[in-house]
Amino acid sequence: MSFRASLACLILVPCLLGQGTERLTLEAIAHPTLKKTFVGTPATRLEWLPDGGLMQTRREGDQVTLLRLDPATWESKPLIEAAPLQAALVAAGATDADARTALGRGNLTWNDGRNAFLISVAETLFHVDVKASTARRLAGGKPDEPTFSPDGTQVAYLRGNDLYRVDVATARETRLTSGGSETVFNGRLDWVYQEEVYGRGSFRAFWWSPDSRRLAYLSLDETKVPVFTLVDDRTQPQQFVKARYPKAGDPNPTARLGVVDLDGHTAWLEDAYAERETLIVQVGWDPTGRLLAAHQDRVQSWLDLRRYEGPASSVLIREERKAWQERLPLPLFLPDGTFLWESERTGHHHVYRYDQGGRLLGAVTAGDWDVRKIHGVDAKGRLLYFDATERSPIGLDVYRIGLDGKGLTRLTAQPGTHRVRFNATRTAFLDTWSDIHTPAQQSLHDGAGKQVRLIDANPSENLKNLKLGEVRFQQVKTRDGFPMETMLVLPVDFDPSKKYPVFQHTYSGPAAPTVRNAWSRDMLWFQFLAQQGIATWICDNRSASAKGLASAYGVHRNLGVQELQDLLDGHAWLKSQGWADMDRICLDGWSYGGFMTAFALTHSKGWKLGIAGAPVVDWSLYDSIYTERYMGLPAENKAGYEASSVVKAAKDLSGRLLILHGTLDDNVHPQNTVMLIDALQKAGKDFDLRLYPGADHVSAFGRPWQNWDIVRARWDFISRYL
């Protein structure tokens with residue numbers, strides 16, 4: 001078989017968006033004051049209550065009202081209204097203006113029973129009893145990450161870098177830890193643990209026991225972690241922003257695991273890895289009150305799930321992979337004492353059942369697809385509910401299956417992406433669904449998947465009236481046969497006998513696909529290009545596909561190389577179609593996608609233009625936990641780090657490069673861009689540069705005028721040079 005034949009298209013799914021006549025403008029897409037909405041009305045904000053009812057949060061102006069909805073009749077009644085709630089907060093000591101502002105934000109932390117919540121008003125924490133419509137001041141001094149105990153009688157929180165708790169009934173505060181400082185974090189995650197282990201957005205590193213009498217917490221010591229300084233040049237004098245940030249090979253924060261009682265007495269747990277550098281990547285409790293923690297080696301090649309009996313522990317399960325081992329969720333314990341454990345041991349992410357002692361009883365799910373999330377089991381403990389890619393690797397559906405591995409049933413009907421939320425008994429769920437040409441719709445379903453009510457049809461007249469190009473999903477094989485998922489947005493009035501330039505968007509990072517059958521505002525940008533006669537091409541290289549962890553192992557210790565080869569194989573398919581002008585292709589990406597763009601333009605001649613946003617240009621400059629997972633330690637993989645460096649290949653730049661970067665990016669430091677442009681200048685290479693003052697890694701997209709500048713800069717670059 002010829003090379004071209006081996007890249008044959010496997011699946012062709014045409015998707016037609018708008019059938020109107022109107023054209024998009026950049027202003028309609030992104031201008032701070034002139035942009036239009038193309039996604040209809042905001043979805044109804046709903047949450048399940050423990051008794052099976054629904055709570056609706058309704059915003060009217062700057063005020064929030066909470067309603068109780070009956071799922072069967074859809075009748076509603078006030079749960080708590082803004083006026084009495086505001087009055088209750090004022091009676092408890094808040095000012096009227098501060099209470100109104102806080103309620104307008106709507107940031108409420110609920111207890112398990114959904115009958116009380118916490119709210120921060122002017123850096124003071126208040127407890128609100130919903131039924132009684134009363135409020136109580138609990139703590140001042142900027143309490144952070146407030147978290148109810150399971151029984152609702154206590155609240156734990158952070159002040160500075162120490163852990164506190166307060167009794168809800170008496171408002172009596174107890175300091176639980178001491179010694180927190182600029183370098184010691186008790187109950188708080190540092191930057192790298194938050195970003196790369198526990199997940200961006202929360203810095204909480206403490207966990208209540210089931211009986212509400214103890215808290216497990218991490219104590220992180222950053223003393224040996226190097227300080228990195230960013231400079232804010234928007235002021236005079238300049239402001240220096242300093243943070244401890246471990247780059248690849250640098251000392252990581254050291255982590256200790258402790259358990260503290262309600263009086264502040266901490267018992268430190270035994271370190272089973274005292275002679276090795278490890279990470280504590282999960283902490284929680286089993287239903288009987290025994291502590292669980294998952295530990296990994298520094299380069300994350302193995303994971304141990306340990307169960308603690310007092311300060312000592314034993315390994316319940318060990319997972320070990322030939323390349324790297326991803327962090328896994330804690331077990332889901334069942335009423336009979338067995339538990340469910342997620343693993344990638346077959347190369348795909350599946351669910352397994354174990355007995356109490358950690359003995360494997362059998363696989364619950366299996367196949368050449370991946371479980372994405374477990375929702376839980378039914379009230380009788382016989383059926384497992386979960387999200388998976390069994391129908392399509394670019395969509396998401398919800399399924400149920402017997403714990404014996406039999407009776408796999410898909411509960412969602414429409415192809416696309418379903419994000420579901422079950423009630424406590426798994427007898428009903430809310431489904432937020434979209435596909436590539438339909439903004440999100442919300443509906444109510446029974447436990448078998450039957451639609452009971454369409455809540456938000458969410459039509460968009462602005463979208464309907466647009467003249468848009470055809471969207472096609474297809475699979476394209478690499479030279480060695482791996483089926484890559486791709487998406488094409490064809491130019492409006494496409495004529496296959498003509499030649500068209502191509503805008504190619506990528507991320508390319510491990511297990512991070514960008515081809516999805518789901519609505520995205522990015523589609524408006526792609527359709528704007530389609531109206532300008534430019535095709536958009538997205539091709540997920542195999543390591544980005546998330547088709548099982550095994551599909552990503554080819555990039556281990558050598559980021560960039562296999563990804564580039566896969567993208568070039570995608571180009572071979574594009575060339576075979578006849579209509580793509582292979583001399584006029586622009587590659588675009590942000591973060592890892594920025595790295596991939598810069599790497600592609602310095603290690604190949606496949607692209608005329610590149611737009612690299614916040615690029616990593618040498619992996620020795622990025623954080624330790626992410627980088628070493630894929631590349632190992634710099635001292636042990638010098639050749640791999642050199643081969644993946646954009647800086648070292650700057651002299652080989654082919655095509656024109658636009659670099660975008662925020663000046664206060666605390667994730668991918670602007671040091672990366674400075675080192676790249678220094679190398680490009682020394683090599684006599686032209687480039688374009690756009691900086692965003694005060695922006696961090698992604699905040700420019702949330703700042704209307706900076707986002708507008710990014711959109712204009714991309715279009716100006718494309719229209720001038722492509």
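The values are calculated or read from the model by the stated rules, or taken from the named source; none is laboratory data. Quantities reported herein were computed from a predicted structural model and do not represent experimental measurements. No Cβ is skipped: glycine too gets one built from the backbone with ideal geometry, and neighbour counts run over all protein chains shown.
Odds and ends about this structure:
- Matching residues, the range 314-352, being acidic (Asp, Glu), over 20 Å from the mean Cα position of the chain (by Cα) and at pLDDT 95 or above: GLU319, GLU320
- Members of the range 376-412 that are closer than 14 Å to ASP431 by Cβ and not charged (D, E, K, R): TYR385, GLY395, LEU396, VAL398, TYR399, LEU411, THR412
- Among residues of the range 51-70, those that are assigned to a loop (DSSP other than H, G, I, E, B) and under 24 Å from PRO439 (Cβ atoms), counted: 0
- Just one of the listed residues (THR288, THR365) is part of a loop (DSSP other than H, G, I, E, B), in the same structural domain as ILE401 (by TED's automatic domain parsing), modelled with pLDDT of 95 or more and of a type in the set (Val, Ile, Thr), namely THR365.
- Test: residue in the range 28-50 that is part of a strand (DSSP E or B) and surrounded by fewer than 16 Cβ atoms within 10 Å (Cβ to Cβ): yes
- Hits in the range 434-456 - residues which are assigned to a loop (DSSP other than H, G, I, E, B), at pLDDT 95 or above and not basic (Lys, Arg): ILE436, GLY447, ALA448, GLY449
- The numbered conditions (1) more than 27 Å from ARG298 (Cα to Cα); (2) surrounded by fewer than 23 Cβ atoms within 10 Å (Cβ to Cβ) are all true for SER620 except (1).
- Test: residue in the range 546-553 that is in the same structural domain as LEU621 (by TED's automatic domain parsing) and free of Cβ contacts under 8 Å to residues at least 40 places away in the same chain: no
- ASP581 being among the acidic types (Asp, Glu), in contact (Cβ under 8 Å) with a residue 60 or more places away in the chain and outside any helix (DSSP H, G or I): yes
- Being assigned to a strand (DSSP E or B) and either farther than 26 Å from ARG720 by Cβ or in the same structural domain as ARG714 (by TED's automatic domain parsing) (or both) is true of ILE659.
- When the range 528-568 is limited to residues that are assigned to a helix (DSSP H, G or I) and out of contact with any helix residue (DSSP H, G or I) (no Cβ under 9 Å at 6 or more places or on another chain), the one that is surrounded by the fewest Cβ atoms within 10 Å (Cβ to Cβ) turns out to be ALA550.
- Matching residues in the range 664-722 - criterion: being in contact with a helix residue (DSSP H, G or I) (Cβ under 7 Å, 6 or more places away or on another chain), of a type in the set (Gly, Ala, Ser) and modelled with pLDDT of 95 or more: ALA679, ALA683, ALA695
- Per-region count, the range 299-326, residues among the charged types (D, E, K, R), surrounded by fewer than 17 Cβ atoms within 10 Å (Cβ to Cβ) and assigned to a loop (DSSP other than H, G, I, E, B): 1
- Counting only residues that are touching a strand residue (DSSP E or B) at 6+ places or on another chain (Cβ under 7 Å) and free of Cβ contacts under 8 Å to residues at least 60 places away in the same chain, the range 661-685 holds 4 of them.
- Here the condition is being charged (D, E, K, R), out of contact with any strand residue (DSSP E or B) (no Cβ under 8 Å at 6 or more places or on another chain) and without any contact (Cβ under 8 Å) to a residue 24 or more places away in the chain; of LYS131, LYS142, it holds for LYS131 alone.
- PRO287 vs. criteria of a type outside the set (Asp, Glu), within 22 Å of ILE317 (Cα to Cα) and touching a residue at least 12 places away in the same chain (Cβ under 8 Å): yes
- Filter pass, SER645 being assigned to a loop (DSSP other than H, G, I, E, B) and surrounded by fewer than 19 Cβ atoms within 10 Å (Cβ to Cβ): no
- Residue check, LEU89 of a type in the set (A, V, I, L, M, F, W, C), at pLDDT 95 or above and under 30 Å from SER434 (Cα atoms): no
- Yes/no for ALA379 being among the small types (Gly, Ala, Ser), surrounded by fewer than 17 Cβ atoms within 10 Å (Cβ to Cβ) and at pLDDT below 95: yes
- Against the list (1) under 27 Å from THR25 (Cβ atoms); (2) within 22 Å of the chain's Cα centre (by Cα), the condition ARG656 fails is (2).
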